[in-house]
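A short write-up of the structure that comes next.
The values are calculated or read from the model by the stated rules, or taken from the named source; none is laboratory data. Quick caveat, the model's predicted, so the values are computed rather than measured. Virtual Cβ from ideal backbone geometry, glycine too; neighbours counted across all protein chains shown.
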Amino acid sequence: MQLTAHTDYALRVLMYLAVHGDRLCTIAEMASVYDISKNHLMKIVHQLGQAEVIETVRGRGGGLRLGRPPKQVKLGEVVRQMEPHFNVAECLDPATNNCPITPACGLSHVLVDARDAFLAVLDRYTLADIIQEKNDLTQLLQFR
């Protein structure tokens, strides 16, 4: 299973905001630090804001910050919000499944179990868990 770049970048945005939790951050600085398109980050930030994972402050001196403490941001929740689907094989999407062996194949059940296990592991971790090396991350995530 592979996460989309959209989800990867969303997790990076959250890590950046968590590391710089003492101030408002901007899309421009995150785009610069991660070398990601501002337009792409705007879409991600919009989606994270709609999910109330981040908070946007408008106006002069505005920016972004986490919508809740890092310990309350479950990675599984974020991944579910950002990923368009979890159909790791054609047979898991009834709308597009054209596989002729689906009625007798046991693979789809195995893939569903694997997907559910993947998400269950992500549900055990929070944003706080992945920023434990905060000093090192702060050094690496300096806006220049």
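Of note:
- P100 meets all of the listed conditions (1) surrounded by 15 or more Cβ atoms within 10 Å (Cβ to Cβ); (2) at pLDDT 85 or above; (3) in a loop (DSSP other than H, G, I, E, B) but one, namely (1).
- For region 1-22, the candidate set comprises residues that are touching a residue at least 40 places away in the same chain (Cβ under 8 Å) and over 16 Å from the mean Cα position of the chain (by Cα); within that set, the residue that is surrounded by the fewest Cβ atoms within 10 Å (Cβ to Cβ) is G21.
- With respect to (1) modelled with pLDDT of 90 or more; (2) in a loop (DSSP other than H, G, I, E, B), the lone exception for A128 is condition (2).
- Taking first residues from region 82-107 that are farther than 30 Å from G49 by Cβ and partners that are among the hydroxyl-bearing types (S, T, Y) and surrounded by fewer than 12 Cβ atoms within 10 Å (Cβ to Cβ), no Cβ contact under 6 Å between residues at least 6 apart in sequence or on separate chains turns up.
- The helices (runs of 4 or more DSSP H) found wholly in region 1-50 and carrying at least 2 residues that are under 18 Å from D129 (Cβ atoms) occupy 5-19.
- Residue in region 28-49 that is crowded, with 17+ Cβ neighbours inside 10 Å and within 23 Å of D116 (Cβ to Cβ) present: no
- Qualifying positions in region 105-128 - in contact with a Lys or Arg (Cβ under 9 Å, 6 or more places away or on another chain) and hydrophobic (A, V, I, L, M, F, W, C): L119, L122, L127, A128
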